[in-house]
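FYI, it's all coordinate maths here, none of it is from the lab. In this text the structure is predicted, and so the values were computed from the model without any measurement. Here the Cβ positions follow ideal geometry from the backbone for every residue, glycine too, while neighbour counts run over all protein chains shown.
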Amino acid sequence: MASVIVEKLVKKYGDLEVLHSIDLDVEDGQFVVLLGPSGCGKSTLLRTIAGLESSTSGDISIGDRLVNGVHPKDRNIAMVFQNYALYAHMKVRDNMAFSMQLSKTPKARIEERVNWAASILSLEPYLDRYPKELSGGQRQRVAMGRAIVRDPDVFLFDEPLSNLDAKLRVQMRTEIKELHQRLKTTTVYVTHDQIEAMTMADIVVIMRDGHIEQMGTPMEIYDNPSNLFVAEFIGSPGMNLLKGKIVQEGDKMVCQVNELFLPLPDRLDATVGQEVLYGIRPEHLIPSENGLKATISVVEPTGPETHLFCHLSGHDVCAISRERMNWKADEVVSLEPIVDYVHVFDAQTDQAVKRKT
Amino acid sequence: MNEAQINQQDRRGGRKLLAFPQWLTSEHPFPWLFPATAMLVVFGIYPVLYSLWLSFFKRNPATRVEKFQPSWNWSKLIEDDRVWDAVVVTLTYTSVALVIQLALGMLIALLLDSDRRGYGVLRALMTLPLVVPPAVTGMMFLLMYDGSFGVISHVLYDLGIISPNAPLLATGSTALMSVIIVDVWQWTPFMVLIMLAGLRALPKDPFEAAAIDGATDIQAFFRLTLPMMSKIIALAVLIRGIDLFRIYDYVKVMTDSGPGTATETLTAYTGTVYFKSADFPYASTVAIFTLLTVLIIANVFIKVFKVRF
């Protein structure tokens, strides 16, 4: 096990810079998820850590060792790929034993490690099958087995669950997390699925266009998005964002959105007249007696909760309620934002407006 | 209007834009299969069956009379040492040329398997030998092998590898290998093309996984590339093998089976019996024997190596 430290990493393809001076510090035993939309550079960052891509400048250290220019095989890492990358002509047993066969590990030891990995991943019945004879979930497990048999310093996962169906994805998610809790191996995991990131990570790293936008525990990021991009990217349904302006009302500041005056949290570091985006997550916009009047356009019951898509003063907003009311489209509902959970973003810089301490 | 005409109108939305003759719009398979079937029957099946039929006749070269005597040519073939010598020459030629072409083809394909600038041009240049007619290639090498002014012989003399008293194509021990080299020059690019197609179609991920698993490039080649290419290699061996087995042009142009019968292959011997001895029934017998040999070897190969088309 080891830490992974990335310092001022730049990656260019020709003239195109895809990673801009990335700094990342993964502590020993941590589960770090790189999250971002397609093309944000998260896979490139992972592949550069793996040594499958060379870096243009900057340093990568695994443990105490600087690994710039070190061949992937000499980094003592293991990687799980999106489409499994199993060796189709080898049986499951040989797929898992391959790395140890190459390093000339004694046969008995290989046997022992393969059986150990197979028992952890419930792969014993499939050891003598070929990958093509397995289902997607089983193949993914073989890929993980191949990674864990070697007891590497770092696990790298490159969107490992993207090819699985929804139910299996949830199941494998839990298995990977369980595996991490058991082995405590430092893990860097790439995904574009925010639910995966939120549920599995110790630390989530949100990336966009080759930059790190925000880093933190899942709840930190969810509760305190540092900018508009993070706020929009995390959460499903997404945060409601209403364009407005800060105005003074009596001794308090409020946000004027068209004809509405929305309450703001105390001690907000904003100025009167500032153009802002008023952000409120759907679960913090609750139906109540004396709220803002909105017209329901669509009602989506999901079971545990009901999503209400409404028109509110020229904006489309979503509210989530756990109460089972018999709402119907075109009805008027009264919604109240919980003021403590209101987020305010500067309309010019997209950065969150912080509270004064 | 009959049914076909109604259908024809329906298909064009009720309007007759192009009036194809009815047989050209037939949905019955026969009109479509007929031309190819006719070609196959006239130029493929009939000649084979006729050859087989011919092999059951004994020809008297003096009277030119052919008499039905089914076992005559076949027992002659079994006792004919030249046939068995030709079998040995053909198998030697095929296997040696195949091994060299396969190894060289794979090696060159590995070198050319790159997206870097200029490699496309190299890949295109690689195919040039394939467009030279084999007979012309034979003539070209005949000149280059020539004992008095051929460039290849000259260089080999200078290097002391061969003696001027033993010209390459006129010496029993070197003639066959010399012809094989010509075959290698002309047909290795074909192997390269097949291998390249295979290499470029290989998925990248397993190689990245292997690199992380600790494989060197050479280990990756033997543990991944070769097994993953096995089907394609088997197919290439089959296609080239059959082609090599019926080698005629180089031998005919360069050595005419000589010196003696040192380079006499089965097809060359068939040609000799046919054109020089004019023993058509016996030539047919040797030809049918050659065909059967190829069929048996090819099918055993397909079974053993599980080749799929």
Calculate the spin-label point distance for A:Trp116 paired with B:Ile239, positioning each point 7 Å from the Cα along the beta-carbon direction, and give it in nanometres. 4.9
Once the convex hull of the alpha carbons of the protein assembly as shown is built, what does its volume come to per residue, in cubic angstrom? 318
Between the DSSP loop rule and a limit of at most 14 other Cβ atoms within 10 Å, which trypsin sites (Lys or Arg not before Pro) in the range B:50-132 are left? B:Arg64, B:Arg116, B:Arg117
The protein assembly as shown - charge dipole about Cα centre, Lys and Arg +1 at Cβ, Asp and Glu -1, debye rounded to 20: 2800
What residue among A:Val339, A:Val149, A:Val188 has the largest mean-square fluctuation in a Gaussian network model of chain A, using Cα springs under 10 Å? A:Val339
Pick out, in residue order, every one of the trypsin sites (Lys or Arg not before Pro) in the range B:242-309 that is DSSP loop and has at most 12 other C-beta atoms within 10 Å; say none if there are none. B:Lys306, B:Arg308
By Cβ neighbour count within 10 Å, fewest first, A:His211, A:His192, A:His343 rank A:His211, A:His192, A:His343
I want to verify a result. In a Gaussian network model of chain B, Cα cutoff 10 Å, which of these has the top mean-square fluctuation: B:Asn73, B:Asn299, B:Asn60? B:Asn60
The range A:279-357: GluC sites (Glu not before Pro) in DSSP coil with no more than 11 other Cβ atoms inside 10 Å: A:Glu323
Could you tell me the calculated FRET efficiency between B:Thr216 and B:Lys303, based on Cβ-Cβ distance and R0 = 25 angstrom, to the nearest 0.05? 0.10
Of A:Val276, A:Val170, A:Val114, the most mobile residue in a GNM of chain A (C-alpha springs, cutoff 10 Å) is A:Val170
Kindly give the semi-axes, whole Å and largest first, of the ellipsoid equivalent to the range B:83-305, taking each as the square root of 5 times a Cα gyration tensor eigenvalue. 36, 24, 15
With x for Gly and Pro, the residue-by-residue ³J(HN,Hα) of the range A:231-248, computed from phi through the Karplus equation 6.51 cos²θ - 1.76 cosθ + 1.60 at θ = phi - 60° and given in whole Hz, is 4, 6, 6, 9, x, 9, x, x, 5, 6, 10, 10, 7, x, 9, 7, 10, 8
Overall form of chain A per C-alpha gyration tensor (a/c, 1.5; a/b vs b/c): prolate
Figure the gain on full extension for A:Ile195 and A:Arg324 (residue separation times 0.36 nm, minus the Cα-Cα span) and round it to one decimal in nm. 44.0 nm
Evaluate the distance, in nm, between pseudo-label points positioned 7 Å from the Cα of B:Ser148 and of B:Arg82 along their respective Cα→Cβ axes. 3.0
